[in-house]
Amino acid sequence: MKNTKASKVTKDDLFEDLGFTKEEALGLKRRADCATEIVRIVRENDYSQKDLSKILDLTQSRISDLLNAKVSKFSLETLLDYLELLGAAPEIKTTVKHPKKITPKISLVAVRGR
């Protein structure tokens with residue numbers, strides 16, 4: 001019987017824990033947030049892959065990549081476009097994490113409806 005031990009998370013970010021640089025992790029997190037929202041919209045509207053193919057003008061294999069959250073295959077801009085095509089109104093919101101440091105935090109918010 002194998003002795004499996006849970007890995008210890010050493011940072012606050014899963015992608016950094018997986019070995020990505022801070023910049024790569026941030027980009028992947030933003031794209032993952034968009035993909036998660038896309039999947040939520042798809043489920044909420046009971047879209048089939050055929051429906052999505054028509055709405056997003058994508059092949060079945062690209063739809064599969066999207067629904068399986070293979071976010072590295074899509075740019076952030078493309079995912080934002082898909083959200084718009086699905087009826088969301090994505091917004092980019094910036095906030096300053098530490099008032100004394102000028103390091104804005106950018107998060108993506110998908111707003112339903114228009």
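The values are calculated or read from the model by the stated rules, or taken from the named source; none is laboratory data. Not measured: the values here are computed from a predicted model. A quick note on method: Cβ atoms are made from the backbone with ideal geometry, for glycine too, and the neighbour counts reach across all protein chains shown.
Annotations
Yes or no, residue by residue, for (1) surrounded by 13 or more Cβ atoms within 10 Å (Cβ to Cβ); (2) more than 14 Å from the chain's Cα centre (by Cα):
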residue	(1), (2)
43	no, yes
53	yes, yes
59	no, yes
63	yes, yes
72	no, no
79	yes, no
91	no, no
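- Tally, over the range 81-92, of residues that are at pLDDT 95 or above and of a type in the set (A, V, I, L, M, F, W, C): 3
- Residue within the range 44-54 that is within 26 Å of residue 93 (Cβ to Cβ) and modelled with pLDDT of 85 or more present: yes
- Matching residues, the range 47-62, being more than 15 Å from residue 73 (Cα to Cα) and of a type outside the set (Val, Ile, Thr): 47, 48, 49, 50, 51, 52, 53, 54, 56, 57
- A search for C-beta distances below 9 Å between a residue of the range 20-46 that is in contact (Cβ under 8 Å) with a residue 40 or more places away in the chain and of a type in the set (Val, Ile, Thr) and any residue that is buried (at least 17 other Cβ atoms within 10 Å of the Cβ) and not in a helix (DSSP H, G or I), counting only pairs 6+ apart in sequence or on different chains, returns 38/86; 38/88; 38/110; 41/47; 41/86; 41/88; 41/110; 42/86.
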